[in-house]
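J.: Mind having a look at this structure? Questions to follow.
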Amino acid sequence: DVKSFEYSTAAFGSKPSLAKCAAILKTEIENRYSTYSAIALIAHSQGGLVARRFIAERINSGQPLSVDRLLTFATPHQGSGLASLLKRVPFSSQQADDLDPNSEFLQALAVAWGQAKPELRGVLTKYVVAAEDAVVGQVSAMGHWSPGYEVIGGVGHKAVVKPKTAEDASFVIAK
């Protein structure tokens, strides 16, 4: 089965924090997919942070976790320089603040993820970097928790999750 999870996102205005988005993801999984025993989360951009927050909270609280795979595409695991600029602009969203490399959200997530050690607890994790990404830097997208990352050339931030054929690298990696 393939299902999508969407949440309101924007750099400006009143949008839910990434922590709140993780709580919404938790509600969706617990209520819509409670009978699933093996869930693979495939996330793009800040969605990877939302997924990691959900996974870390479940593991660290000792709650059952039906997610056994996480694949993130162009996720700013270590923040985004663009977010650092945006948070100085009036009316920037909480999500923009959360993506700042020095944000409380990212610092807390790094600690929680380190404590959870998802890969040791059965959650296979892979990070995908878009080589031409002007939004999320390559180092940030690689994550720093494992050597499990792939770099795809010739694609940017959005194109990395929009394969045109079944032969495109992003589709092959997800498959």
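J.: From the list Leu25, Leu82, which residue is modelled with pLDDT under 95, within 24 Å of Tyr149 (Cβ to Cβ) and out of contact with any Cys (no Cβ under 8 Å at 6 or more places or on another chain)?
T.: Numbers: Leu25 fails: modelled with pLDDT under 95.
The unique qualifying residue is Leu82.
J.: Still on this model: Can you name every residue in the stretch 106-143 that is in contact with a helix residue (DSSP H, G or I) (Cβ under 7 Å, 6 or more places away or on another chain), outside any loop (DSSP other than H, G, I, E, B), modelled with pLDDT under 90 and open to solvent by 20 Å² or more (accessible area, probe 1.4 Å)?
T.: If the condition is that a residue be in contact with a helix residue (DSSP H, G or I) (Cβ under 7 Å, 6 or more places away or on another chain), outside any loop (DSSP other than H, G, I, E, B), modelled with pLDDT under 90 and open to solvent by 20 Å² or more (accessible area, probe 1.4 Å), then Arg121 is the only one that fits.
J.: Would you mind finding the one in Lys87, Lys3, Lys20 that is more than 15 Å from the chain's Cα centre (by Cα), over 25 Å from Gly137 (Cβ atoms), open to solvent by 50 Å² or more (accessible area, probe 1.4 Å) and modelled with pLDDT under 95?
T.: Numbers: Lys87 fails: over 25 Å from Gly137 (Cβ atoms); Lys20 fails: more than 15 Å from the chain's Cα centre (by Cα).
Result of the check over Lys87, Lys3, Lys20: Lys3.
J.: Being in contact (Cβ under 8 Å) with a residue 24 or more places away in the chain and open to solvent by 50 Å² or more (accessible area, probe 1.4 Å) is the filter here; which residues of the stretch 48-64 pass it? Walk me through how you get there before you give the answer.
T.: Here is the first cut: in the stretch 48-64, the residues in contact (Cβ under 8 Å) with a residue 24 or more places away in the chain are 48-60.
Arg53, Glu57, Asn60 - these are the residues of the stretch 48-64 that are in contact (Cβ under 8 Å) with a residue 24 or more places away in the chain and open to solvent by 50 Å² or more (accessible area, probe 1.4 Å).
The values are calculated or read from the model by the stated rules, or taken from the named source; none is laboratory data. Small disclaimer: the values here were computed from a predicted structure and weren't measured. Note that we place each Cβ from the backbone using ideal geometry, even for glycine, and neighbour counts take in every protein chain shown. To get the accessible areas, we keep the full protein, side chains included, count just its heavy atoms, and leave off ligands, DNA and RNA. Shrake-Rupley method; radii C 1.70, N 1.55, O 1.52, S 1.80 Å.
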